[in-house]
Structures are given as structure tokens and as C-alpha cells.
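These notes concern the structure reproduced below.
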Amino acid sequence: MSGEIKYNLFINGTWRSGSTAADLALINPATEEDFGRVAAASASDLDEALRAAQDSYLGWSRRPAIQRGELLIRAARVLETKVEVAAAALSREQGKTLSEARSEYARAIETLEWNGSHAAELCAAIPLSEKRNIVPEPAGVVAAFTPWNYPAILNARKLSAALAAGCPVILKAAEETPSAGVYIVEALQEVGIPPGVVNLVFGNPPMISEHLLGSPAVRVLTFTGSTLVGKQLAKLAAENLQRCVLELGGHSPVVVFEDADISKAVSAISEYKFECAGQSCNAPSRILVARPIYQAFLAKLVEAAENIRVGAPDDSETKMGPMANVRRVAAMERLTRDAVDRGAKVETGGARLNQRGYYWAPTILTDVHPDARILHEEPFGPMLTVAPFDTIDEAIRAANTTEYGLASYFFSDSADVQKRMIGSLSAGAISVNYLRGVSADAPNAGINQSGYGYEGGVEGFRAFQNLKLVNVASPRLLDPGRQEVPR
Ligand code: NAD
């Protein structure tokens with residue numbers, strides 16, 4: 001190992017190593033080289049973070065929301081000056097291209113700004129009538145868990161909404177992609193966030209989640225990751241009745257109707273699908289195409305996939321980098337083998353690239369048996385299935401066939417088709433004639449096995465608040481937003 005990079009824990013305003021647990025290794029997915037270390041928290045480090053967060057609660061929750069918001073906006077300005085170096089670090093850890101990493105940071109900055117600039121408005125009392133008000137209060141200490149696919153945007157979303165709402169946070173960021181958490185927390189530290197309000201830890205994920213959620217001081221759990229782990233955390237949270245925001249997996253369909261512009265649909269799908277090597281919860285993964293245009297569509301999609309330049313993430317010509325870790329490559333191998341064993345045809349890709357690094361070729365499968373695992377398990381990689389359909393009923397049935405319900409997409413200009421599809425697709429988000437992901441101003445939520453609770457926008461902000469109903473006969477409560485917040 002080179003040992004040149006080491007990312008530390010941030011507890012109670014201080015950067016430091018884990019007190020007893022051994023450091024973890026950092027692997028570059030493009031070269032498979034070990035290039036640094038990440039500190040791991042022990043139980044006593046977590047206890048210290050819990051104490052620090054609790055101790056900071058009163059001061060932070062009572063600080064005027066406008067000041068909390070201003071601090072986030074200033075942190076966004078600091079982060080802006082570090083984007084080049086932070087994006088390079090993210091690309092090296094995660095495998096996404098430099099240009100993808102830069103645009104992820106742009107969205108992270110936007111998110112810090114959005115929550116910062118809405119803090120005062122969303123923390124103000126909401127009058128219901130002359131005598132009745134809703135007074136939003138910070139919900140308490142937050143335990144946040146973020147994954148390795150979009151660490152900058154996801155850390156920024158969870159941190160900025162919780163902090164703006166007045167909640168201290170203990171963030172457990174992904175061990176494989178620690179730098180985004182470090183850069184964002186450093187920016188907050190630079191603008192003067194008080195000690196204990198933000199704590200950043202890494203380590204053994206099950207140990208950390210059990211320890212943090214075992215504390216009744218934690219009032220909100222926010223997690224982005226797999227459905228399996230989300231359910232484990234929800235069970236832990238049940239013990240202390242901690243509120244859960246669970247943004248879990250997806251298996252998004254795209255339905256392409258006969259009247260669709262084939263070229264437009266193909267370029268939108270290939271553009272969005274192969275971003276971050278397909279490791280996005282909203283990425284399209286099952287394409288359903290009206291039979292009369294099926295062959296023409298498939299030929300164009302295969303051509304588009306074959307034109308994706310796969311290579312080193314720091315090469316400006318590269319369109320798609322490696323997968324983030326060896327587990328994803330193993331998953332691609334397993335899903336492909338299973339589908340082929342059940343009769344699927346590999347139209348393109350279907351194999352690891354013959355070079356160092358976790359590279360998997362953009363893959364398109366057809367004739368996939370309904371029982372094949374790829375049609376039920378979130379692929380989370382550069383892999384698509386394509387199938388024809390004959391009627392809109394058949395398309396809706398196939399689109400809604402998985403247990404997930406995160407995002408669905410379709411292409412058609414027909415008003416009747418649009419109305420029917422919007423009303424019938426079982427998903428938290430629908431995009432028509434383009435593919436659109438999350439944004440700072442809109443709630444993003446899955447249904448069914450994709451989770452519950454909202455992240456983003458007003459609803460995402462409210463996840464970190466308790467809404468207290470205050471009835472006052474007289475005199476009228478003039479400024480309920482400045483009430484003392486009880487602990
Ligand atoms: P995983 O489910 O083990 O881990 C996913 C994330 O959850 C990682 O960041 C991990 O550190 C964290 N995690 C795991 N166990 C945890 C625990 N007990 N407590 C707290 N955090 C925990 O799987 P993986 O191999 O890292 O990722 C593969 C799968 O995860 C994918 O197939 C995909 O379904 C899902 N995933 C989803 C998203 C998303 O954006 N919804 C992001 C990343 C991964």
C-alpha cells in the first residue's frame with residue numbers, strides 16, 4: 001500500500017484515527033491498487049460521537065434557522081473552491097469519470113444551497129387559523145448512512161437538510177468512498193460549525209448501525225442503500241421508535257411506445273443508463289418496446305451501447321469507468337450467467353473487459369426468461385434487458401412486475417397514453433419523454449420495496465422536524481417560530 005492518503009474520523013470537532021479499530025484499505029477500482037487508508041470507529045468512538053451530538057443539540061437547535069442556513073450556504077462556497085481536487089479523489093475511489101464526479105459535486109453544492117436558503121422559511125411557524133399554529137421543531141440527533149455510488153450528493157442531501165432543520169448528525173459514510181464526506185465536513189468546519197453538530201465516522205457498518213440505533217438519543221435514521229440492509233436498519237430502529245427515511249433499491253422500467261422518437265429514446269436511455277457504470281438506484285434497467293419498432297429500436301440501442309467508450313476514469317475521452325468494486329463485477333457475472341442459462345441472448349457485452357480494473361462491458365440482454373434473476377434483482381450495473389410488448393396493458397403489467405417502485409419512464413406523445421401510464425405506473429417518480437433523476441428541490445421516494453420517507457425538497461426537510469400543534473386562545477401567538485425548543 002502507498003499509505004499516502006488517510007481519511008480520519010471527525011468527532012466532536014476533531015479529526016482523528018479510530019481509538020482501537022484497525023484502519024481499512026482504499027482500493028482504486030480502475031487499477032485494483034490499494035492506495036490509502038480509512039480510520040474505523042470503535043464502540044467508544046461512537047459513544048463519544050453520540051455524546052457530542054447530544055451536547056450540541058441545544059445550542060444548534062436554538063440557533064436561528066436563518067443563521068444555520070447561512071452557514072450551509074457559506075460551506076457550499078468553500079466546497080466550490082475544492083471541486084477539482086474533491087472530484088479527482090471521488091473518481092479515484094469510485095471509478096466514475098472525472099466529468100461525472102465534477103457534476104456530482106455541482107449537484108451537492110446546489111443541495112447545500114437549497115437547504116440553506118430554505119431553512120428560515122421551513123423552520124417558521126405555519127398558521128392554520130387565528131388560534132392554531134404548527135410549530136416545526138428539530139427532531140433530534142440524526143444517524144445518517146450513505147452509500148458509495150453518489151457519495152457527494154447523498155452526503156450533502158442528508159447533512160444539509162438535517163443541519164438546516166436544527167439537528168446534529170452522525171454520518172456514517174461509505175468506507176469505500178470516504179473523501180466526499182471528508183470534503184463536505186471540512187467545508188462545514190471551515191465556516192465554523194460548532195463541535196459535535198457534525199460527526200463523521202467509518203468502520204464496520206453493522207456494528208456502527210447497531211450501536212447508533214441502540215441509543216434512544218438518535219431520533220431519525222436516514223439510509224440510502226440496498227433493500228436488504230434498509231430492512232435490517234428499520235428493525236433496529238423499531239426498538240427505539242426512531243423515524244426512518246429509507247431510500248432503497250430500484251429496477252426502473254422504460255416503456256417505448258410506437259409513436260416515440262426512437263433516436264431520442266435511445267440516446268436518453270444510453271446516456272442515463274451508463275452514467276456511473278449503471279450503479280444508480282434510478283437507472284433504467286428493463287426496456288419494453290412496442291413490437292412494430294422493436295427491431296429498429298434494439299439495433300440502435302446496441303449500437304449506442306457499443307459506442308460507449310469504457311476506460312480509465314481520468315481519461316477525458318472515457319464515457320464509462322469501471323464498476324465501483326469487485327462485488328459488482330461478481331454480481332454482473334452471476335446475473336448474466338443465470339439469464340443465459342435460462343435462454344437469454346447477449347446482444348452486446350456480457351463479460352468483464354480483459355484488463356486490470358473492475359471493468360464490465362455495457363450489456364444488453366434479450367429473450368430473457370420471466371424467472372431470470374436479472375428481471376427481479378436490482379442489477380446495479382451497466383446491464384439492460386429489452387423485450388417487445390403488444391398492448392398497453394401488457395406494458396403496464398411488465399413495468400410493474402418487480403417488487404421495487406422507485407422510478408419509471410416512458411416515451412410517447414399521445415395524451416391518452418400519458419394519462420393512462422402516469423396513473424398506472426407503480427413508482428415514486430415518473431419521467432415522460434426523457435429520463436430525469438433526483439434534484440435538490442423535489443422529494444424523491446420509493447414505494448413498495450424501494451423504501452419509504454422522502455428525501456429532497458420540502459418533504460425531505462420536514463423528515464428532520466417534529467410538527468408541534470400549538471393552540472392559543474389569546475393573545476395571538478405573534479412569533480411562534482422563536483419559541484424555546486424543549487429537549
Ligand atoms: P450493501 O447492501 O452491503 O451496502 C450498501 C451500502 O450500505 C454500503 O454503503 C454499506 O456500507 C452500507 N451498509 C451495509 N450494511 C450496513 C449496515 N448493517 N448498517 C449500515 N450500513 C450498511 O451492498 P453493496 O455491495 O455495497 O451494494 C450493492 C447493493 O446495494 C446494490 O445492489 C444496490 O441494491 C444497493 N445500493 C443501493 C444504493 C441506492 O442508491 N439506493 C446505493 C448503493 C448500493
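Structure data summary
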quantity: Taking all pairs of distinct alpha-carbon atoms in the stretch 1-103, Kirkwood radius in angstrom; calculated: 16.3 Å
quantity: Spin-label pair residue 371/residue 210, simplified geometry with 7 Å Cα→Cβ offset, distance in nm; calculated: 3.7 nm
quantity: Taking the stretch 137-263 and dividing mean pair separation by its residue count, relative contact order in percent (alpha carbons under 8 Å, at least six apart); calculated: 27 percent
quantity: Order of 347, 459, 378 - criterion: other Cβ atoms within 10 Å of each residue's Cβ, fewest first; calculated: 459, 347, 378
quantity: Under 20 Å from residue 264, Cα to Cα: lysines that are on another chain or at least 8 residues apart; calculated: 273, 300, 319
quantity: Zone residues, the stretch 23-37, relative to residue 309, backbone N less than 20 Å from point 7 Å out along Cα-to-Cβ; calculated: 30-31
quantity: Convex hull of Cα atoms in the chain, direction-averaged projection (nm²); calculated: 23.3 nm²
quantity: The chain: DSSP helices with Cα axial extent of at least 20 Å and average Kyte-Doolittle hydropathy no lower than -1.0; calculated: 43-62, 65-80, 98-123, 151-165, 291-306, 326-341
quantity: Computed [θ] at 222 nm, deg cm²/dmol, the chain (DSSP H ≥ 4; -39,500 (n - 2.57); rounded to nearest 500); calculated: -12500 deg cm²/dmol
quantity: FRET efficiency estimate (nearest 0.05) - Cβ-Cβ, residue 397 to residue 32, R0 41 angstrom; calculated: 0.45
quantity: Sequence of 251, 376, 118 once ranked by neighbouring C-beta atoms within 10 Å, starting from the fewest; calculated: 376, 118, 251
quantity: DSSP-loop trypsin sites (Lys or Arg not before Pro) across the stretch 349-390, with at most 16 other Cβ within 10 angstrom; calculated: 356
quantity: Dipole of the stretch 252-432 [Lys/Arg +1, Asp/Glu -1 at C-beta], most positive-end residue of 272, 398, 357; calculated: 357
quantity: Whichever lysines have a C-alpha closer than 20 Å to that of residue 235, once near sequence neighbours (fewer than 8 apart) are set aside; calculated: 172
quantity: Virtual spin-label span in nm between residue 20 and residue 47, 7 Å along Cα→Cβ; calculated: 0.9 nm
quantity: Vicinal HN-Hα couplings computed from phi for the stretch 251-260 (Karplus, 6.51 cos²θ - 1.76 cosθ + 1.60; Hz; Gly/Pro x); calculated: 8, 6, x, 10, 9, 10, 7, 4, 7, 5
quantity: Rounded to the nearest 20 debye, dipole of the chain from Cβ charges on Lys, Arg, Asp, Glu; calculated: 1120 debye
quantity: At 1.002 mPa s and 20 °C, Stokes diffusion of the stretch 252-432 via Kirkwood alpha-carbon radius, µm² per second; calculated: 131 µm²/s
quantity: Residues of the stretch 148-169 with amide N under 15 Å of a point placed 7 Å along Cα→Cβ from residue 240; calculated: 168-169
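Read-outs throughout are calculated quantities, based only on the coordinates presented, and are distinct from any laboratory measurement. Given the structure is predicted, the values throughout are model-derived calculations rather than measurements. Virtual Cβ from ideal backbone geometry, glycine too; neighbours counted across all protein chains shown.
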